[in-house]
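The values are calculated or read from the model by the stated rules, or taken from the named source; none is laboratory data. Quick caveat: nothing in here was measured; it's all calculated off a predicted structure. All Cβ positions, glycine included, derive from the backbone under ideal geometry; neighbour counts span all protein chains shown.
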Amino acid sequence: MSFRRVVMTLILAASAVLAGCGEEDVVPEELLAPALPEVRVEADGCVVTLTARFRNEADLASVKEFGFYFGRDEVSMDCLKVTKVVGLEYSLIKEDLDYSTTYLFKVWVGNGREEKTSELKEVTTGEKPVGPDPPVPAVRNIAFKDPVVKEVCVRNWDLDGDGELSMAEAAQVTDLGMVFKRNEEITSFEELEHFTGLVEVADSAFGHCTNLRDIKLPESVRVIGQRAFEECGNMLLRKLPDNLATVKTHAFAGCGKMPLTSLPETLTLIENWAFARCGSMRLTSLPSALTLIDSGVFSECYGVAPEKLPENLCYIGEWAFFNARSFNPKELPSGVREIGKYAFQGCESLTWTQLPSDLYEIGDFAFFYCWKVRFSSLPKRMIRVNAGVFENCVSITSLTLPEGLTSIGPNAFKNCKFFEITIPESVVFIGAEAFNGCSRLRSVTVLPPVPPEMEDTYIGDNANVMYVPSSSMEAYRTARNWSEWKSKYRTLDDL
């Protein structure tokens, strides 16, 4: 160190002491010694990966440049500078080393004033595989089709600073983050299949990349994050990874051109709206391990037409198959207990004739505009028919309502083609327009001893006769809305 630099250092130190009189000592930033990071090393065959990690942000801030010394012996070691830090870490990958060979390495850091190095350490490469030498690839760097994708990848994951992304560097990536989110310039990323360290595609990773067309996912992926590909309307993803387990909420919502024809059998969870508005999907089966189909999962998926539903299915969420026009599996599994509102609305191909015996809840408008269903009875566990559940189900001509039913919601059977109907003794409420448009209804049997509260008169408008308990005849003739049909009443004894 020069005499002048020694003097300047002493002056700065003295100034720091005087300035801090009565206060805590503060060391100027230019006098802080660079902090050495901890280092770990991994050897895989003829590839060695060196990773240095600072303890905290303060240690990282104390250095301006950093890297490794690496070589066969201490005299001939190369000084290798690294330019990129990810979090608190920087890494260096050395490829094409000799097998079964010991190399020396140490970490170095500097702050522009002084340099520190760690102790010298050793790493030994793996043994050469038995058998013929594997073919050496002509190019180890990834040849990106899309220059914008390459620029983003190099900027974020080029560890050795050579302006390229190698296969090994791609394999080191474990989190894509959101570096591509809303990038409307990228069109192709089939090279994503080389990012074999990915277990999850991050939330919103490619959300709203509206011009992204060609992409391939690595087989290592087990989870597709929330909104990962939301509104990628031109994306032509043709295959999901074979061991995929979870697709999170809105993951592919709005991917209208995605031509998937199958889902992996390993899928156990598909969260709400995951494939909503994927109108080009053509599915003839669903993963057998599914126990629930969450809200809106296949909403407006016009080509989803599984031959059967998973055997252990117990819940179908609201809007689950809304407007799935080709949807017509053979039957509902016997374990289904609950169907959410609008679940099958607009499923115009659906031809079911029977509902599971343990089903106890069907949400509002669940079968609205399901023209071809022909249910003849409702499950005994149902205590209410919610609003619009069977509205416009014009193929229902006869329906037995369960004992224990307490209410019939507005529009519940609007435009159904009953010839006759029996209202169970337990019913206390009939909503507005529940039987509006039932133009073929000729005979109505009403069993409750007390006239149910009713919001209109449609149930009897087309009836020729209405049977009520003899002891309640006068009550029906004077009750609100029921009084409209005085001349049509007969006693149950006349049946």
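Name the residue, out of Phe419, Phe435, that is of a type in the set (Phe, Trp, Tyr) and touching a Phe, Trp or Tyr at 6+ places or on another chain (Cβ under 9 Å). Quick ask: steps written out before the conclusion?
Details: Phe419 fails: touching a Phe, Trp or Tyr at 6+ places or on another chain (Cβ under 9 Å).
From the options Phe419, Phe435, the qualifying one is Phe435.
Starting from residues that are of a type in the set (S, T, N, Q) and touching a Gly at 6+ places or on another chain (Cβ under 8 Å), keep the ones in the stretch 360-411 and report whichever is surrounded by the fewest Cβ atoms within 10 Å (Cβ to Cβ).
Taking the stretch 360-411 first, the residues of a type in the set (S, T, N, Q) are 376-377, 386, 392, 395, 397-398, 400, 406-407, 411.
Subset that is touching a Gly at 6+ places or on another chain (Cβ under 8 Å): 386, 407, 411.
Numbers: Asn386: 21, Ser407: 18, Asn411: 24.
Result: Ser407.
Select from the stretch 335-353 the residues that are of a type outside the set (D, E, K, R) and in contact with a Lys or Arg (Cβ under 9 Å, 6 or more places away or on another chain) and write down the one among them that is surrounded by the most Cβ atoms within 10 Å (Cβ to Cβ). Full working, then the answer.
From the stretch 335-353, those of a type outside the set (D, E, K, R) are 335-336, 339-340, 342-347, 349-353; that's our starting set.
Now restrict to residues that are in contact with a Lys or Arg (Cβ under 9 Å, 6 or more places away or on another chain): 346-347, 349-353.
Working: Gly346: 21, Cys347: 26, Ser349: 13, Leu350: 21, Thr351: 14, Trp352: 18, Thr353: 13.
Looking at the filtered set, the residue picked out is Cys347.
Is it the case, given these coordinates, that Ser349 is under 32 Å from the mean Cα position of the chain (by Cα) and hydroxyl-bearing (Ser, Thr, Tyr)?
Details: under 32 Å from the mean Cα position of the chain (by Cα): yes; hydroxyl-bearing (Ser, Thr, Tyr): yes.
Yes.
Can you find, within the stretch 149-159, the residue that is nearest to Ser91 (Cα to Cα) among those that are crowded, with 16+ Cβ neighbours inside 10 Å and either polar (S, T, N, Q) or in contact with a Ser or Thr (Cβ under 8 Å, 6 or more places away or on another chain) (or both)? Explain how you work it out, then say what you get.
Going through the stretch 149-159, the residues crowded, with 16+ Cβ neighbours inside 10 Å turn out to be 149-150, 152-154, 157-159.
Right, trim to either polar (S, T, N, Q) or in contact with a Ser or Thr (Cβ under 8 Å, 6 or more places away or on another chain) (or both) and you get 149, 159.
Values: Val149: 22, Leu159: 6 Å.
Checking each candidate, the answer is Leu159.
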*Do we find a residue being hydrophobic (A, V, I, L, M, F, W, C), more than 15 Å from the chain's Cα centre (by Cα), assigned to a loop (DSSP other than H, G, I, E, B) and buried (at least 16 other Cβ atoms within 10 Å of the Cβ) anywhere in the stretch 237-247?*
yes
_Yes or no: the stretch 472-480 includes at least one residue that is aromatic (Phe, Trp, Tyr) and either within 45 Å of the chain's Cα centre (by Cα) or within 25 Å of Asn386 (Cβ to Cβ) (or both)._
no
_Here are the criteria: (1) more than 30 Å from Leu350 (Cβ to Cβ); (2) at pLDDT 95 or above; (3) of a type outside the set (A, V, I, L, M); (4) crowded, with 17+ Cβ neighbours inside 10 Å. Tell me which single one Trp485 does not satisfy._
(2)
*Go through the stretch 462-472 residue by residue and tally those that are surrounded by 15 or more Cβ atoms within 10 Å (Cβ to Cβ) and either assigned to a helix (DSSP H, G or I) or hydrophobic (A, V, I, L, M, F, W, C) (or both).*
5
*asked:* Restricting to the stretch 166-190, count the residues that are surrounded by 20 or more Cβ atoms within 10 Å (Cβ to Cβ) and in contact with a strand residue (DSSP E or B) (Cβ under 9 Å, 6 or more places away or on another chain).
replied: 5
*Can you tell me which of Leu350, Leu286, Leu267 is farther than 21 Å from Lys248 by Cα, assigned to a loop (DSSP other than H, G, I, E, B) and hydrophobic (A, V, I, L, M, F, W, C)?*
Leu350
*Selected residue (criterion: surrounded by the fewest Cβ atoms within 10 Å (Cβ to Cβ)) from residues of the stretch 449-461 that are of a type outside the set (Phe, Trp, Tyr) and in a helix (DSSP H, G or I)*: Asp461
*Tabulated pairs, the stretch 470-495, first under 18 Å from Glu425 (Cβ atoms), second among the charged types (D, E, K, R), C-beta under 8 angstrom, 6+ apart or interchain*: Ser470/Asp493; Tyr489/Arg477
